[in-house]
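Structure first, then comments.
The values are calculated or read from the model by the stated rules, or taken from the named source; none is laboratory data. Source: prediction; values computed, not measured. Glycine gets a Cβ as well: all are built from the backbone with ideal geometry, and neighbour counts include every protein chain shown.
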Amino acid sequence: MLRDRFEDDRIGPTGMIDLRRAPLADVRAIDFRSLSRDFWSDEAACWNRFDAVGAGLDDAAWRYPGAAPSDAGGSDWSFLDHFAHVGAWQELAIEYVDRAELTAVWPSDEDYDGGDFDRFNERLRADWTSIDPAELRARARDSHDRLVERARRLTMETIRSDAGWGWVYMGLHGHQLDHLSILEPWAETLRSRQAEGDPFATDEGSIADPTTPLPGFLVAEGIVHRQFEETVRAVPQQFWEQAAVTPGWTLKDHVAHIAAWFEEASEAVEDHLRSGGWRGGPNEGVDAWNARAAARDRHLTPTAALERFDLGRRRLLAAVRSLTPDDLRDPEGWSWAYEDLHGHIRQHLAMVGPFCARVGWLAVIPGGVDPVPSLAGT
């Protein structure tokens, strides 16, 4: 399984429990309403944890049903449904916090389908299910920031009051922690499956289906590439060689490895366009080829690895666009095209996603020192 390997990951550099890495049961046992707690530091840490939970999961994983059954008798909720639900309530909370600031009146349960939250949430779910995961992440982050800005205008006495606590705390960290109890184990399951190449096929099909027309293939490739940009390229390069992300491999090694397979696949497709035949995989075996290529490319700088990645991707896309529909759908042609432009990147996004998300936590740790986590292999 993919997991954080630090034995002391529940303790931060100040000796306090690290809300972002400690076992969730320990975090949920905390009395966040206590006067000894820093409400805003707690909120920031809980948001970090929630925002990072889906790192590395592709769109198919976000939409895959099975995270939890619907409490209102609808279809099973997906990762996307849970994440969207928190985002939707953040937007509702902005409205009721604004109103409470002006009128000192907080909502009541009766305001939401007469207190039938299961029914209300199922209707709310329908409004968010169709949102693209990337747009959803951006929208949830924006509503979170706006909600924090609104809530910070309230006094702590108001926030901790009997009238306000359930609406402010639950609109922020409480709601996040509730859903993390479902999302964290579900994300780990999805991430492990994605790292093994599971396309998360449903009744609606899968991009891994070789009958997919080229335009659809290219659209899906663009989505996977966008996820790479959002997840990997956003990491400052100073962290690309700082620590192992998977045993023996840094983030730079993962990027260089993907680039190496872009080049290998490009040669295979270009050779086919010249000769009409398909070459097989490496004679030495994939594992041996990977080890040799990794050793060969270990000298690359992060910048050079990214340049190889970009050049290799453009070269492979150009070659794939030159294939006939029959060649693309040929099992061997599909293997070179799909695996190297879609499946392979999805696998590595699952492996490196948590690392990429946690690098951003450095800026908010007291004292500015944070152990960069490594991940066990699959």
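Results for (1) assigned to a helix (DSSP H, G or I); (2) touching a Ser or Thr at 6+ places or on another chain (Cβ under 7 Å); (3) surrounded by fewer than 18 Cβ atoms within 10 Å (Cβ to Cβ), shown as yes or no for each residue.
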{"residue": "HIS257", "(1), (2), (3)": "yes, no, no"}
{"residue": "GLU270", "(1), (2), (3)": "yes, no, yes"}
{"residue": "GLY277", "(1), (2), (3)": "no, no, yes"}
{"residue": "PRO282", "(1), (2), (3)": "no, no, yes"}
{"residue": "ALA293", "(1), (2), (3)": "yes, no, no"}
{"residue": "ARG296", "(1), (2), (3)": "yes, no, yes"}
{"residue": "ALA305", "(1), (2), (3)": "yes, no, no"}
{"residue": "ASP310", "(1), (2), (3)": "yes, no, yes"}
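Sort out which residues of region 112-169 are of a type in the set (Val, Ile, Thr) and farther than 17 Å from GLU91 by Cα, and write them in order of number. Talk me through it step by step, then tell me what you get.
Looking only at region 112-169, we keep the residues that are of a type in the set (Val, Ile, Thr), and these are 129, 131, 148, 155, 158-159, 168.
If the condition is that a residue be of a type in the set (Val, Ile, Thr) and farther than 17 Å from GLU91 by Cα, then THR155, THR158, ILE159 are the ones that fit.
Wholly within region 70-168, which helices (runs of 4 or more DSSP H) include no fewer than the required count, namely at least 3 residues that are within 22 Å of the chain's Cα centre (by Cα) and surrounded by 12 or more Cβ atoms within 10 Å (Cβ to Cβ)?
79-103, 133-151
Which pairs have Cβ atoms under 6 Å, sit 6 or more apart or on different chains, and link a residue in region 304-324 that is closer than 17 Å to VAL224 by Cα to one that is of a type in the set (Asp, Glu) and in a helix (DSSP H, G or I)?
GLY312/GLU263
Please work out if ARG63 is under 25 Å from TRP361 (Cβ atoms), surrounded by fewer than 22 Cβ atoms within 10 Å (Cβ to Cβ) and in the same structural domain as ASP142 (by TED's automatic domain parsing). If you could, list the steps in order and put the result at the bottom.
Working: under 25 Å from TRP361 (Cβ atoms): no; surrounded by fewer than 22 Cβ atoms within 10 Å (Cβ to Cβ): yes; in the same structural domain as ASP142 (by TED's automatic domain parsing): yes.
Judged against the criteria, ARG63 is not a match.
Can you find even one residue in region 242-258 that is within 30 Å of GLU135 (Cβ to Cβ), of a type outside the set (S, T, N, Q), touching a Cys at 6+ places or on another chain (Cβ under 9 Å) and not assigned by TED's automatic domain parsing to the domain that holds ALA52?
yes
Tally up the residues in region 178-224 that are surrounded by 15 or more Cβ atoms within 10 Å (Cβ to Cβ) and at positive phi, please.
1
Residues that are closer than 25 Å to PHE228 by Cβ and touching a residue at least 60 places away in the same chain (Cβ under 8 Å): does region 66-78 have at least one?
yes
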